[in-house]
1. When you scan the stretch 88-99, do you find a residue that is more than 25 Å from Thr303 (Cβ to Cβ) and among the aromatic types (Phe, Trp, Tyr), even just one?
2. Out of everything in the stretch 6-22 that is among the polar types (S, T, N, Q) and free of Cβ contacts under 8 Å to residues at least 12 places away in the same chain, what residue ends up being nearest to Ala81 (Cα to Cα)?
3. Of all the strands (runs of 3 or more DSSP E) wholly in the stretch 129-180, which have at least 2 residues that are surrounded by fewer than 19 Cβ atoms within 10 Å (Cβ to Cβ)?
4. Considering only residues that are among the charged types (D, E, K, R), surrounded by fewer than 24 Cβ atoms within 10 Å (Cβ to Cβ) and touching a residue at least 60 places away in the same chain (Cβ under 8 Å), which ones fall in the stretch 181-208?
5. What's the number of the only condition in (1) in a loop (DSSP other than H, G, I, E, B); (2) without any contact (Cβ under 8 Å) to a residue 12 or more places away in the chain; (3) among the aliphatic types (A, V, I, L, M) that Leu32 fails to meet?
6. With respect to Arg33, is the statement that it is among the charged types (D, E, K, R), out of contact with any Leu (no Cβ under 9 Å at 6 or more places or on another chain) and modelled with pLDDT under 95 true?
7. For Ala216, which of the numbered conditions (1) touching a Ser or Thr at 6+ places or on another chain (Cβ under 6 Å); (2) farther than 22 Å from Asn56 by Cβ fails to hold?
Amino acid sequence: MRITILGSAAGGGFPQWNCNCRNCAGLRAGTLRAKARTQSSIFIQPDAGGDGLLLNASPDILQQIKATPALQPGRAIRDTAIAAVLLMDGQIDHATGLFMLRERGSPLPLWCTDPVAEDLSTGNPIFRVLQHYCGVDRHRIEPDGSVFEIPGLAPLTFRAIALSSKAAPYSPHRDAPVPGDNIGLIVTDPRSGRTLFYAPGLGEIDPRVAEAMHAADAVMVDGTFWTNDEMQRLGLSRKTAHDIGHLAQSGPGGMVEWLGKLPASTRRLLIHINNTNPILDADSPERAALDRAGIAVCEDGMTLDL
């Protein structure tokens, strides 16, 4: 299977439109060795050149389609390589791009858990709005690790597990989480036996998540913040990374430590990187620490073949 990184930033992208932190200001001024990034989303194809699955529909989806010819194969006067969309959560930076797909000639095949479907029918009623356009052909995901398939994407198989993170601010589950608010996805190509574990929003690594990470050939996980108090120290928020559902990379029990426990052959990648995170600076000591640990920082346009 081929995995294409369409967007690798957290909500707001990089640089963020209203932010003048060291990273955003430095990128605009050309004084920071870094690359601009759109909001996180990936595209998975059973084979390069075929139809695939869009994982999360960010507000930047039109820019991402324009930058990725594989998503627009041009086989007919109206065409797309997006066979289906799967949502990892109901966050605004992962779901509002659905509005940009409204010109479909048939209901949009969309896979999500019940809590996400609830949030996108009530607090942020995207599904209800889309009924006035193409409509939504919604399929339920059970976050219990059971295997499911998606039409048009054979022979890939999928399993979802519930994660500890945060539901969207407009969700009734924001401070009372339920299984399925956020999921991690295990994607397997039975031809090669190789597996991807994908979790762009991850607040805690419990035994089930640790098991999925150890079993995967590639692990693409939450790279939002370097430190737990990153936003507080910059005066941008009163909340910690943990408060908003993300496990920081550094420190005891951080993402870097967890990734260091994986088999040496595992490909380790960070995605959903906040504009304040120093790892965006290619010359930073934090990026050097990741390089020494064998951890890659996702960039828009990267591809990974498994």
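The values are calculated or read from the model by the stated rules, or taken from the named source; none is laboratory data. Here the structure is a predicted model, which is why all the values come from computation and not from measurement. Positions of Cβ are generated from backbone atoms using ideal geometry, with glycine treated the same way; all protein chains shown enter the neighbour counts.
1. yes
2. Asn18
3. 136-140, 144-148
4. Asp189, Arg194, Arg208, listed by residue number.
5. That leaves (2) as the condition not met.
6. Answer is no for this residue.
7. Going through (1) touching a Ser or Thr at 6+ places or on another chain (Cβ under 6 Å); (2) farther than 22 Å from Asn56 by Cβ one by one, Ala216 breaks only (2).
A quick yes/no check of all residues on (1) at pLDDT below 95; (2) among the hydroxyl-bearing types (Ser, Thr, Tyr):
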residue	(1), (2)
Val136	no, no
His139	no, no
Phe148	no, no
Ala154	no, no
Phe158	no, no
Ser165	yes, yes
Pro172	yes, no
